[in-house]
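The values are calculated or read from the model by the stated rules, or taken from the named source; none is laboratory data. Predicted, not measured: the structure shown is a model, and the values here were computed from it. Here Cβ is always computed from backbone atoms with ideal geometry, including for glycine, and neighbour counts include all displayed protein chains.
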Amino acid sequence: MNNRVLSLVLSRLLIALITLVIVSFAVFFATTLLPGDTASILLGQAATPEAVEGLRKAMHLDEPAIFRFLRWIVGLMQGDLGTSYANEMPVADLIGGRFVNTLQLAGVTALFSVPIALTLGITSAMLRGSLYDRIVTVLTIGVISVPEFMIATSAVLIFAVYLKWLPALSFANEVTSLADLLRIYAMPVITLTFVISAQMIRMTRAAVIETLNTPYVEMALLKGASRPRMVFRHALPNALGPIVNAVALSLSYLLGGVIIVETIFNYPGIAKLMVDAVSTRDLPLIQSCAMIFCLGYLLLITTADIIAILSNPRLR
Amino acid sequence: MGNLVEIRDLKVEATTDSGRRVEIINGVSFDIAEGEIVALIGESGSGKTTIALTLMGYARPGCRISGGSVSVAGKDMMTLSEKQRARVRGTEVTYVPQSAAAAFNPAATIMDQVIEVTRIHGLMAADEARSRAVDLFRALSLPEPETIGSRYPHQVSGGQLQRLSAAMALIGDPNLVIFDEPTTALDVTTQIEVLRAFKSVMKKGGIAGVYVSHDLAVVAQIADRIIVLKGGEVQEVGTTEEILSNAKHPYTRELLSAFEPKPREAADTAETAPAPLLKIENLVAGYGPSQTDGLPLVRAVEDVSLNVEKGRNLGIIGESGCGKSTLARAIAGILPAAVGKIVFDGRELGRSARERTRDQLREMQIVFQYADTALNPAKSVEDILARPLTFYHGMNAKARNARIDELLDMVRLPRNLRHRRPGELSGGQKQRVNFARALAADPKLILCDEITSALDTVVAAAVIELLKELQRELGLSYIFISHDLSVVEAICDEIVVMYGGKKVEDITRAKVKTPHHPYSKLLFSSVPKLDPTWLDGLEQDPELVRAYCRR
């Protein structure tokens, strides 16, 4: 019995690993397809052809792509992310601090949005068809339809410009007290919570409603169970799989998809770093960022998958 | 107040998809005395489950109890608050669902769900509830009563789950138990054991019951009184003996006569040297990856040989999981057989439908059990029937039109039905369309896979009559697959009994009363009869039961 779970979990991990390899392949070759020659861009327009040629050789740009790929992936596995083309710093150093910032923002957002979204989703499923349910539904659809830059800029206008309650820019490095922390994170977190909660609320509501319609929940009702008991003992354990998947998908957005929020609030996160890297054609940095996003995404999805497997007694 | 249950002028409304209100129960009244078991019988849609559920003060979503009174042990369920009703549910009135497999929460252990009633209502300590549950498991003759509770629902069989759901209903010491078609989903051999268990527990505890069913023979074994329903109204009420022997209402008589299908007039073409239409030799089929010996991992059909002669019908009978549907799929080529020869009309067919010519495909048609899933819900009847006409016969629009009218006439459906979609037809009508689609190909052989199992007794009997008529007119042959012996008996010349993927016996209709193989004996003796004493008088060899029943 446990062997089966183990093999299922292992196969999920294996699939994640294979996906990672495929993605690394895609990332590498997609970035090499970027127009323009890195060496000539780095040296500027005044460079002599000899200098460009020399730099190309030094950067191994003259080798076939497959060798460069292998060199890169071997480096990755040894923890060597390479050196930035733009400023000669190790990519690991460039990413390090930014990555921590991103994780902080993602963590704080998850801490707020997941409980709020699950509560709203479950309660609106319980009170399906009521005024409350309709209000929640209309609001979530509204929030889905409003683009995040709209929410973010509105938040800046209201809280920073008119009310002057919060700083318009988030400088994650100047935290000295809890009040500071709250002030700095308030607006980005509110904006992100709006963006990712809507999806989670909708999915949770749908999953719970689906299980509430099953005969075993009707049976619980006919056993005299109260409404909360029906939902928490009977419906929710069976809706867990879809819910954790929805949560994982939404949270994965917090890693790479927050560029707009990071830009508007000038938050020094990793997404912004990657976009900056694209404009300077800093291939090692782009590749490393892409790999980090992919890894984070796979980590979340695989965790969700494993939770779904463990919560199903047919597989356990 | 003399009776345990008094229902007066009950009315239930349903809201249709279009928002219209329809009365589905129109003024039903009846009583149930202490310790009495009353059966509600009728076809699907007659409102029997709806009425039974009102005894718990419950109407399914979309329905609303709109009038009358339902009093249980002196309490009017209509006037109670939802909280008070919840207190009655599980303690005074309990429910045994139609499909126990669906009514058990897959994520919790059986024991937790059985004793949940005591936990909700605070009836007794958990330990006491557990030992009581084990006693009930024993009384319901479940295997391993001590440990079965620690399993999950998917780890026990359907018959066991059904009895476990009865334990769930009995643990709160109810005055009244509602059985909602509790044996309909079971095999006949399993049904006997479940019925026996229900009956003895109910009698011992002196518990009153409502038994909802469409099967008169099953009801006859357990009920004291029968209420016949149709269209949300009571048609006839009487003791079981009265209803069986002296039914007054025409609908009741129709129900009774559907029970004794007229046997097919022996199509004795035996003198004209019957030519075999289909010959199956040593067929093996199954699922899963093929092993080194070329056989599939799970073999659902093992080494089956059979013959169908022109104009004659073969019945294949056996319990669920015996491989009868897999056999049909292998013959039709949907699931290619791993080993074996299929000779049709003198020529050997490819094992996979892809290897067969269009004409070979045309001559052998298959009709599936669930017309609901076999018919495309987005297409009209006309489109559904037109497709095989174009595909096999290349007919133009005019010829198709005429042929569709003919086909609808053949299956006794009004021609104006052709513009409707399957969702707008009744179950029996859908099955007729499903059958007409097979006829559209002008086949020589039709494989009928449980085509009457999803239909009500009366409707099923009408479909069987139709099949017989069509056979006379068109000279068809059928392979008729069913778990229901009476249906197979009504239409087939020869019967093959299957068990565990193997053919265990070949029986001609003349010898149906005296099968030889022990499994056939067990199976045939398990079919309920319209005789209230049948269950009590039935004696089956316990050795046989142990050997062949996965109870």
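Is there a residue being outside any loop (DSSP other than H, G, I, E, B) and surrounded by fewer than 21 Cβ atoms within 10 Å (Cβ to Cβ) anywhere in the stretch B:309-320? Looking for residues that are outside any loop (DSSP other than H, G, I, E, B) and surrounded by fewer than 21 Cβ atoms within 10 Å (Cβ to Cβ), one finds at least one in the stretch B:309-320, hence yes. Taking the stretch B:55-69 as the range and being part of a loop (DSSP other than H, G, I, E, B), over 16 Å from B:ILE178 (Cα atoms) and either touching an Asp or Glu at 6+ places or on another chain (Cβ under 8 Å) or within 11 Å of another protein chain (Cβ to nearest Cβ) (or both) as the test, only B:PRO61 passes.
Scanning the stretch A:37-63 for residues that are part of a helix (DSSP H, G or I) and either within 17 Å of A:GLY82 (Cα to Cα) or in contact with a Gly (Cβ under 7 Å, 6 or more places away or on another chain) (or both) yields a count of 7.
Note on the stretch A:201-217: among residues that are within 12 Å of another protein chain (Cβ to nearest Cβ) and in a helix (DSSP H, G or I), the one that is nearest to B:VAL114 (Cα to Cα) is A:TYR216. The single condition among (1) in a helix (DSSP H, G or I); (2) surrounded by 16 or more Cβ atoms within 10 Å (Cβ to Cβ); (3) out of contact with any Pro (no Cβ under 9 Å at 6 or more places or on another chain) that A:PHE149 does not meet is (2). Looking only at the stretch B:352-360, decide whether some residue is surrounded by 18 or more Cβ atoms within 10 Å (Cβ to Cβ), in the same structural domain as B:ASN307 (by TED's automatic domain parsing) and out of contact with any helix residue (DSSP H, G or I) (no Cβ under 9 Å at 6 or more places or on another chain). Taking every residue of the stretch B:352-360 in turn, at least one turns out to be surrounded by 18 or more Cβ atoms within 10 Å (Cβ to Cβ), in the same structural domain as B:ASN307 (by TED's automatic domain parsing) and out of contact with any helix residue (DSSP H, G or I) (no Cβ under 9 Å at 6 or more places or on another chain). The residue list A:ILE184, A:ILE201 contains one member that is out of contact with any helix residue (DSSP H, G or I) (no Cβ under 9 Å at 6 or more places or on another chain) and crowded, with 20+ Cβ neighbours inside 10 Å, which is A:ILE184. B:THR91 passes every criterion in (1) of a type in the set (Ser, Thr, Tyr); (2) within 27 Å of B:SER71 (Cβ to Cβ); (3) surrounded by fewer than 19 Cβ atoms within 10 Å (Cβ to Cβ) apart from (3). Scanning the stretch B:104-154 for residues being over 22 Å from B:GLU193 (Cβ atoms), among the small types (Gly, Ala, Ser) and either in a helix (DSSP H, G or I) or within 14 Å of another protein chain (Cβ to nearest Cβ) (or both) gives a total of 7.
Suppose we keep only residues that are without any contact (Cβ under 8 Å) to a residue 40 or more places away in the chain and touching a strand residue (DSSP E or B) at 6+ places or on another chain (Cβ under 6 Å) within the stretch B:70-96. Which one would you say is nearest to the other protein chains (Cβ to nearest Cβ)? Taking the candidates together, the pick is B:MET77. The sole residue among A:ALA155, A:ALA198, A:ALA186, A:ALA220 that is within 14 Å of another protein chain (Cβ to nearest Cβ) and of a type outside the set (Ser, Thr, Tyr) is A:ALA220. Being modelled with pLDDT of 90 or more and of a type in the set (Val, Ile, Thr) narrows it down to one of B:VAL367, B:VAL411, so name that one. Only one candidate qualifies: B:VAL367. Being within 30 Å of B:SER482 (Cβ to Cβ), surrounded by fewer than 17 Cβ atoms within 10 Å (Cβ to Cβ) and more than 12 Å from every other protein chain (Cβ to nearest Cβ), is that true of even one residue in the stretch B:161-181? No, there is no match, as no residue in the stretch B:161-181 is within 30 Å of B:SER482 (Cβ to Cβ), surrounded by fewer than 17 Cβ atoms within 10 Å (Cβ to Cβ) and more than 12 Å from every other protein chain (Cβ to nearest Cβ).
All conditions in (1) surrounded by fewer than 19 Cβ atoms within 10 Å (Cβ to Cβ); (2) modelled with pLDDT under 85 hold for B:GLU489, with the sole exception of (1). The condition (being among the basic types (Lys, Arg) and in contact (Cβ under 8 Å) with a residue 24 or more places away in the chain) is satisfied by just one residue among A:ARG202, A:ARG233: A:ARG202. Taking A:GLY257, is it at pLDDT 85 or above and small (Gly, Ala, Ser)? In short, no. The single condition from (1) under 30 Å from A:ILE309 (Cα atoms); (2) touching a strand residue (DSSP E or B) at 6+ places or on another chain (Cβ under 9 Å) that A:SER84 fails is (1).
Taken residue by residue, the stretch B:377-400 has at least one member that is surrounded by fewer than 21 Cβ atoms within 10 Å (Cβ to Cβ) and within 23 Å of the chain's Cα centre (by Cα). Annotation note: of B:ARG60, B:ARG64, the sole residue that is without any contact (Cβ under 8 Å) to a residue 12 or more places away in the chain, surrounded by fewer than 23 Cβ atoms within 10 Å (Cβ to Cβ), assigned by TED's automatic domain parsing to the domain that holds B:GLY238 and on the phi < 0 side of the Ramachandran plot is B:ARG60.
Quick test for you: out of B:ILE192, B:ILE227, pick the one residue that is over 19 Å from the mean Cα position of the chain (by Cα) and assigned by TED's automatic domain parsing to the domain that holds B:ARG89. Answer to the check: B:ILE227.
Pick from the stretch B:226-239 the residues that are surrounded by fewer than 20 Cβ atoms within 10 Å (Cβ to Cβ) and out of contact with any Phe, Trp or Tyr (no Cβ under 8 Å at 6 or more places or on another chain): which of them is farthest from B:ILE207 (Cα to Cα)? Among those residues, the one meeting the criterion is B:GLY231.
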